[in-house]
1. What pairs come out if I take residues in region 96-110 that are under 16 Å from residue 166 (Cβ atoms) and hydroxyl-bearing (Ser, Thr, Tyr) and pair them with residues that are at pLDDT below 95 and within 11 Å of the ligand (Cβ to nearest atom) whose C-beta lies under 8 Å away, six or more apart or interchain?
2. Looking at region 7-43, which of the residues that are surrounded by 15 or more Cβ atoms within 10 Å (Cβ to Cβ) and more than 23 Å from residue 175 (Cβ to Cβ) is modelled with the lowest pLDDT?
3. Of everything in region 208-226 that's in contact with a Leu (Cβ under 9 Å, 6 or more places away or on another chain) and within 11 Å of the ligand (Cβ to nearest atom), which residue is nearest to residue 125 (Cα to Cα)?
4. Return yes or no: is residue 182 within 16 Å of the ligand (Cβ to nearest atom) and surrounded by 20 or more Cβ atoms within 10 Å (Cβ to Cβ)?
5. Identify, by number, the condition in (1) farther than 20 Å from residue 14 by Cα; (2) of a type in the set (Gly, Ala, Ser); (3) at pLDDT below 95 that residue 231 doesn't meet.
Amino acid sequence: MTNRQPLVAANWKMNGSLASIRLLLDGILKGIQSETKPEVVVCPPYIYIDEVARNLDNTQVLLGAQNVSQHEAGAYTGEIAAGMLKDYKCVYVIVGHSERRALYCETDAMVADKFARVVESGLKPILCVGETLNEREADETEEVIARQLDAVIERAGVQGFANAVIAYEPVWAIGTGRTATPEQAQEVHAFIRLRLARHDEAIADGLRILYGGSVKADNANELFNMADIDGGLIGGASLNADDFLSICRAAI
Ligand code: PGA
């Protein structure tokens with residue numbers, strides 16, 4: 001099996017203020033050990049990207065954005081282009097988070113366009129996929145994940161995944177305190193890897209698949225120990241430096 005470097009990404013969503021984000025980042029940077037194994041990424045709200053970027057110089061923490069426009073430039077009021085994110089040293093961009101799909105009506109096709117735009121611009125997408133509770137209870141989990149993945153594979157090709165990351169985030173586990181069991185998550189992660197392997201085994205083998213959905217300091221270890229779970233996308237618990245650092249330490 002390929003040696004995949006674990007990745008732990010903080011998704012701060014629309015939380016914090018300039019003052020609280022400075023404190024949070026300071027706490028994270030002070031606690032990150034040089035021997036910390038996982039790649040660590042923080043995704044602040046857009047408006048704080050500049051501030052965070054300036055503080056990440058000469059650290060081992062990388063910058064990510066929570067969203068991006070599918071368009072290159074133009075009359076798209078309120079949107080941010082991938083090229084702009086690059087100006088601020090962003091490396092990763094979260095694409096297709098379930099909150100964007102559900103609250104901002106992002107379709108599979110839009111998510112695929114965003115993914116392709118991120119890849120074209122030389123940034124790395126973190127593509128989120130996941131089923132709702134109704135879909136899980138109707139036994140449609142694999143069907144939903146396959147549909148979400150296939151839309152992106154068709155648009156960007158399997159090559160688009162060479163530098164990408166996937167986050168499996170069951171919608172019913174996000175911000176609810178209800179985590180998927182390690183076995184439930186592993187089953188879907190293996191399914192995702194297999195789906196990609198049908199197109200390219202090497203890319204599938206090297207692909208990092210993160211779990212997201214109520215990851216906490218006390219459940220991270222057992223999740224990250226599963227064969228196909230290569231780290232986490234952390235919402236609520238990433239807003240506390242100590243909790244986030246414990247999760248980072250669990251990803252070895
Ligand atoms: P949560 O969020 O850790 O608060 O459940 C995860 C996410 O939405 O990425």
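The values are calculated or read from the model by the stated rules, or taken from the named source; none is laboratory data. Quantities reported herein were computed from a predicted structural model and do not represent experimental measurements. Every residue, glycine among them, receives a Cβ derived from its backbone with ideal geometry; neighbour counts consider all protein chains shown. Accessible surface is based on the protein model in full, side chains and every heavy atom, while ligands, DNA and RNA are left aside. Shrake-Rupley method; radii C 1.70, N 1.55, O 1.52, S 1.80 Å.
1. Partner pairs satisfying both residue conditions: 98/174.
2. Applying the filter and picking the extreme gives 36.
3. Checked region 208-226; the qualifying residue nearest to residue 125 (Cα to Cα) is 210.
4. In short, no.
5. Going through (1) farther than 20 Å from residue 14 by Cα; (2) of a type in the set (Gly, Ala, Ser); (3) at pLDDT below 95 one by one, residue 231 breaks only (3).
Residues checked against (1) under 21 Å from residue 91 (Cα atoms); (2) of a type in the set (A, V, I, L, M, F, W, C); (3) within 15 Å of the ligand (Cβ to nearest atom); (4) open to solvent by less than 10 Å² (accessible area, probe 1.4 Å):
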{"position": "149", "(1), (2), (3), (4)": "no, yes, no, yes"}
{"position": "156", "(1), (2), (3), (4)": "yes, yes, no, no"}
{"position": "166", "(1), (2), (3), (4)": "yes, yes, yes, yes"}
{"position": "206", "(1), (2), (3), (4)": "yes, no, no, no"}
{"position": "228", "(1), (2), (3), (4)": "no, no, no, no"}
{"position": "232", "(1), (2), (3), (4)": "yes, no, yes, yes"}
{"position": "235", "(1), (2), (3), (4)": "yes, no, yes, no"}
{"position": "252", "(1), (2), (3), (4)": "no, yes, no, no"}
